[in-house]
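Report on the following structure.
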Amino acid sequence: MKKIWNLVLTAGLILATHPGCGRETAPGEIRGTITVSGAWALYPLVIRWAGEFKKLHPAVRIDISAGGAGKGMADCLGGVVDLGMVSREINPAEIERGAWSVAVAKDAVVPVMNRENPAAETIHQRGLSREELIGVWLPGGLGSWPAPPGLLRVPEMTVYTRSDACGAAEVWARYLGGEQEDLGGVGVYGDPGLAQAVRRDFGGIGFNNINYAYDLKTGTPVGGLMVIPIDLNGNGRVDPEENFYGTLPELTAAIADGRYPSPPARDLYLVSGGQPKSEPVRVFLSWILGEGRAYVEEAGYIALAPEKLAAGREKLRLSEPGPAGD
C-alpha cells in the first residue's frame, strides 16, 4: 500500500511505457498509445493491468493519470483521453452525449476515522448506524463523538469530504440519501489526500475507497486509520454477522456476497467517448475482460459476476468497426 501511496501522491504521475525497449517490433504486433484518466478508485488496478499488458504488448504505451471520476468522464467525452475511469453509474445524460462503457471490477467506499481517537474502541464495538452517518455529513445529526465509558472528553469531530467531482463522494452520498453537493465537511482533493487528512486529525472522520483505507500488503487498515463498522441493523452494537472490517479479504468477501450494502459498494467502469475504434484500446479492453481478471482480487478488488463480464465482452464485440464505407 505504501508503494501505491507514493505513486498517487506524485503530482501529474504518468505510467509511460516506451515501445521497443531494446528489441525490434515483430511484424503485425500491436503498437500505439492508450491514454487513461479518472477515478482514484480504479487507478491502482489500471496501473497493475497496464504493467501486465505491457509484458504481452511492449509496443503499446499506456499513459494513466488520476483526478476523479468527473475528470475521467469529461476527458473521454471531450476526446482528451481514450478511456475514462469512472467509479459510479453512468447517467443518461452522459450516454446521450456518447458515453460507451463496460464494467470491469467492483469495490466499495467505507467510513474511516483516526485510529488514535479515544472514542475509537467504542466505535469499533458499537459502530455507527446509517442514521448516525447521515447526521455526520448531512445537516442536523451526530455532531460529536460518543464518549467512551469513564472518559468525559473526546476530540471535537472534524468531518472531511471530497473537493473533487468523484464517484466515491457520489456513491457515499447516495447511501446517505443525498448528492455529493449535499455532503458537509472540509473538502479535500483525492482519495490519498482525504485519508491523510483523517490520519493527521485525532477528531477526523471521512470516507475512502477500500484500496486507500487498507494496506494491500498486510490486508489491514492503513496505519493511523480505523475503518468504521456500520451498524446495519441499528441495534447499537456490531453483531458478529456485521463484523467484517478487520482485514481487506474479510471486507471484499462481504462486498461480494452482499453483506456490505450497495451503495456504497458499486461497479467500476472504463468509458470511452463513443464506441472504441483504436486497435490498442480494443485489445486492452478485451484483455481486461479476459486474462486481466486474474489480477482483480490480487489488487484488492472484487471480481464481477461471470454473466456481467460476458455481457461486457459481447458489448465490445458488437462495437467492432465495420468495413470501410459502412
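Per Stokes-Einstein, at 37 °C and 0.692 mPa s, what whole-number D in µm² s⁻¹ belongs to the chain, with the Kirkwood radius over Cα pairs as the hydrodynamic radius? My calculation gives 160 µm²/s for D.
Calculated FRET efficiency, LEU232 to ALA310, Cβ-Cβ distance, R0 = 56 Å: about 0.95 to the nearest 0.05.
Close Lys pairs in the chain, defined as Cα atoms under 14 Å apart and 8 or more places apart or on different chains, number 4. Summarising the strand pairing of the chain, around 60 percent of its internal DSSP beta bridges are antiparallel.
Highest average first, the peptides 80-86, 114-120 ordered by how many other beta carbon atoms sit within 10 Å of their residues are 80-86, 114-120. Each Lys or Arg adds one and each Asp or Glu subtracts one; over the other residues with Cβ under 13 Å from the Cβ of LEU77, this totals -2. Centre-to-centre separation between the Cα atoms of the range 303-320 and those of the range 233-261: 29 Å. Note on the range 109-256: antiparallel DSSP beta bridges, both residues inside, total approximately 60 percent of the bridges counted.
Taking amide H as placed 1.01 Å from N in the peptide plane, THR33 has its amide H under 5 Å from the amide H of ARG61, each at least 5 places away in sequence or on another chain.
Ranked by the mean number of other Cβ atoms within 10 Å of their residues, highest first, the peptides 239-247, 193-201 come out as 193-201, 239-247. Here TRP287 and GLU179 are evaluated by their C-beta separation; at R0 = 41 Å the FRET efficiency comes out at 0.70. Extension gain, GLU52 to ARG200, is 49.8 nm, computed as 0.36 nm per intervening residue step minus the present C-alpha separation. In the range 109-256, Rg over Rh equals 0.93, where Rg is the alpha-carbon radius of gyration and Rh the Kirkwood radius from pairwise Cα distances.
Maximal additional length on extending the GLU298-ASP257 stretch stands at 13.0 nm, based on 0.36 nm per residue less the C-alpha distance. Identify which of PRO276, PRO221, PRO92 has the largest mean-square fluctuation in a Gaussian network model of the chain, with springs joining Cα atoms closer than 10 Å. Looking only at PRO276, PRO221, PRO92, the biggest GNM fluctuation is shown by PRO92. In this simple spin-label approximation, GLU121 and ARG317 carry label points 7 Å from Cα along the Cα→Cβ vector, and these lie 5.8 nm apart.
Quick one: Cα centre-to-centre distance for the range 276-295 and the range 57-80, in angstrom? Between the Cα centre of the range 276-295 and that of the range 57-80, the gap is 15 Å.
Largest GNM mean-square fluctuation across ALA168, ALA294, ALA254, computed for the chain with C-alpha springs under 10 Å, falls on ALA294.
Here, each number is a calculation from the coordinates, and none is a lab measurement. The structure presented is a predicted model; accordingly, all values stated were derived computationally and were not measured. Every residue, glycine among them, receives a Cβ derived from its backbone with ideal geometry; neighbour counts consider all protein chains shown.
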